[in-house]
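First comes the structure, then the notes that go with it.
Please treat every number below as a calculation from the coordinates, not as lab data. In this text the structure is predicted, and so the values were computed from the model without any measurement. Neighbour counts run over all protein chains shown; Cβ positions are idealised from the backbone, glycine included.
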Amino acid sequence: MGYESLEYEEMGQSESQEIMKELEKLFMYSWAAQKTSMIREVLLSADYRSNSHVLELFSDIRSICKKKDERFFTALPIGTCLYRARVVRDIGDVQICSRGVAIGEFTKGFDEMNSREAPFGKSSAGRNNLAGVPYLYLASDPATACAELKHLSRSTFSVAEFELARELYVVDLVKIKSFSDQELKDKGFAPGKYWGEIMFWFSVPVNTKDDYIVTQIISNEFRKQGVDGLLYGSFFGIGDNFTIFDSSSNDVVFKNSRLVQQMYTNQVYWDYNNKCCLESYPDHDFYQFSKEDASEQLRRIKKSWGLSREKIKDSKSDLGDK
């Protein structure tokens with residue numbers, strides 16, 4: 001056999017090996033997608049505790065938390081500010097001021113008690129919590145907090161600011177996760193694709209509250225491992241969302257609240273206290289804060305609420321939360 005024949009034979013073997021590697025990667029990628037699809041289907045069913053794929057996921061969660069795998073965790077340092085928004089107008093005229101909302105030289109949103117999570121037993125089901133079991137949902141910035149509420153133009157929000165008094169260690173479902181070749185071989189599927197699908201479940205909008213069941217179950221598995229909460233992407237804003245499982249007032253400190261109003265349909269909000277425009281996607285120069293228009297808007301809001309000292313004084317009803 002001549003030199004050229006050997007060269008072609010080696011080239012053929014090399015190309016075959018590359019093709020086999022690519023086919024193997026495609027198989028691992030496809031199998032990861034199938035596994036997550038089966039997990040989602042099973043978690044939506046009546047009983048998931050005997051399913052091998054679900055049990056494997058729960059085992060992975062326990063291992064990740066026990067090892068404190070840095071690919072899955074982010075430390076939120078002391079002094080980090082996070083935000084929670086609540087719609088004010090939906091609450092009702094009488095209850096508005098009795099919960100701390102005020103319009104003056106500076107606006108005030110809900111007081112601390114009504115800016116935090118709902119009382120135990122009164123919360124509705126959320127992305128990560130069962131009905132009646134409240135967690136504190138926060139965002140990295142005020143615009144994202146408002147955008148998550150998905151309300152129409154001219155809705156008025158109370159935006160509360162919280163500051164962390166201790167470091168919180170949260171499961172990071174935003175950070176890109178890379179895995180070694182050995183991990184791929186051990187798993188038999190592509191872990192990056194697998195976790196990418198699961199991370200997407202925490203951000204994508206849902207059609208019905210039943211769709212929350214999947215993320216509620218996974219969140220609960222992380223909670224049982226003693227983590228402080230979850231960090232996941234926002235579908236509606238450019239910031240991030242946070243779910244804090246145990247939001248002690250000693251750890252997550254209420255700082256203040258203010259009124260913010262959505263002005264345009266593409267998630268543009270006017271912050272009356274800071275006299276500025278907040279945008280979930282700040283890529284337009286068109287939207288500018290106007291002091292004159294803002295004063296007129298506040299006057300209209302106050303008038304529409306029909307607030308009076310008598311209403312505030314006589315108000316005894318309790319508020320749930322949304």
(message) For the range 87-189, take every pair of Cα atoms, bin their distances at 10 Å starting from 0, and report each bin as a whole percent.
(response) 11, 32, 31, 14, 8, 4, 1
(request) Distance between Cα centroids, the range 106-132 to the range 233-259: provide it in whole Å. (result) 11
(message) Out of the chymotrypsin sites (Phe, Trp or Tyr not before Pro) in the range 86-181, which ones are loop residues according to DSSP with at most 12 other C-beta atoms within 10 Å?
(response) PHE106, PHE120
(request) Specify which residue in the list PHE245, VAL206, GLY196 is farthest towards the positive end of the charge dipole of the range 147-247, using unit charges on the beta carbon of Lys, Arg (+1) and Asp, Glu (-1), about the Cα centre. (result) VAL206
(message) If you wrap a convex hull around the alpha carbons of the range 40-139, what volume per residue comes out, as a whole number of Å³?
(response) 170
(request) Excluding LYS67 itself, calculate the net charge of residues whose Cβ lies under 15 Å from the Cβ of LYS67, where each Lys or Arg counts +1 and each Asp or Glu counts -1. (result) -1
(request) Quick one: which residues, 5+ away or cross-chain, put their amide H under 5 Å from the amide H of ASN256? H built at 1.01 Å from N. (result) GLU161
(message) Test of the criteria: in the range 160-220, which GluC sites (Glu not before Pro) are in a DSSP loop and have at most 16 other Cβ atoms within 10 angstrom of their Cβ?
(response) GLU167
(request) Place the peptides 293-301, 141-149 in order of packing, highest mean first, counting for every residue the other Cβ atoms within 10 Å and averaging per peptide. (result) 141-149, 293-301
